[in-house]
1. Go ahead and estimate [θ] at 222 nm for the chain from helices alone: -39,500 (n - 2.57) per DSSP H run with n ≥ 4, summed, over the residue count, rounded to 500.
2. Counting only GluC sites (Glu not before Pro) that sit in a DSSP loop (anything but H, G, I, E, B) with at most 13 other Cβ atoms within 10 Å, what is the longest stretch of the chain containing none of them?
3. Taking the 0 to 90 degree range and rounding to the nearest ten, how far is the long axis of helix 139-150 tilted relative to the main principal axis of the chain, both from C-alpha atoms?
4. Might you report the magnitude of the Cβ-based charge dipole of the range 3-91 about its Cα centre, with Lys and Arg at +1 and Asp and Glu at -1, to the nearest 20 debye?
5. With labels modelled as points extended 7 Å from the Cα through the Cβ direction, what inter-label distance (nm, one decimal) is found for Met130 paired with Lys31?
6. Taking the Cα centre of each part, how many Å lie between the range 17-38 and the range 54-114?
7. Determine the sum of side-chain charges near Ala137: Lys and Arg each +1, Asp and Glu each -1, restricted to other residues whose C-beta is under 10 angstrom from that of Ala137.
8. GNM on the chain, C-alpha springs below 10 Å: top fluctuator among Lys141, Lys30, Lys62?
Amino acid sequence: MSLKERIDQQIKAAMKAKDKIRLETVRSIKKQILETEVSLRPSGQETLTEAQELELLSKLAKQRRESIEQYEQANRPDLAEREATELAIIEEFLPRQLDDAQVSAIVDEIIARVGASSPKDMGKVMGPAMQQLKGKADGKKVQDMVKAKLGS
C-alpha cells in the first residue's frame, strides 16, 4: 500500500475517532506530499518515489524535533508536548529507527572502510553514513556519533 493510501486511511480513521491532533497532522503530511508532487510535475514525474516519500517524512520529523527543542528552551511545555505528539504520528509512517548500538556499528564500519582517523575526515564519513542511514537514524545523532568517534 502506498504512503498516500495509508495517509487517506489514517485521515478517515482520525475523523471517525474525532482525534483532532492526528487528523491535523495526517492532513499536513498529505498536503506536503501533494505540494511536492505538484512541484515535480514539470519534470514529468507524477508521484513520489519511496525514497522521496521517506525524505519528506524525515524532513517533517526533523522540523518537529527542532520545534520541540525551541519550545522547551522557551519554557513552553504545552507547545512542545503538541509537537511531540505530532512527531510520534509522523514516525508511524517512517521505517523503524535503528538504536544507538546499531548506528554505532554502521558508523564504525564506515570509518574503517574509508580509513578515517581524525576530525578532518568527518566529511569522508558523513556522506556514506547518511546515505546508508537515511530515514533509519536521526542525522544529528549520526553526526554527534561520528564526531565522538573521530575525537573532535
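All of the numbers you see were taken from the coordinates with simple rules; none came from a lab. Predicted model only: the values in this text are computed from it and were never measured. No Cβ is skipped: glycine too gets one built from the backbone with ideal geometry, and neighbour counts run over all protein chains shown.
1. The per-residue figure over the chain is -25000 deg cm²/dmol.
2. After excluding every exposed loop site, the longest remaining stretch is 93-152.
3. 10
4. Working: 17 positive and 18 negative charges, 79 e Å.
Using only the charged Cβ atoms, the result is roughly 380 debye.
5. Distance between label points: 2.7 nm.
6. 19
7. On the way: positive: Lys134, Lys136, Lys140, Lys141; negative: Asp99, Asp100, Asp138.
Once positives and negatives cancel, what remains is +1.
8. Lys141
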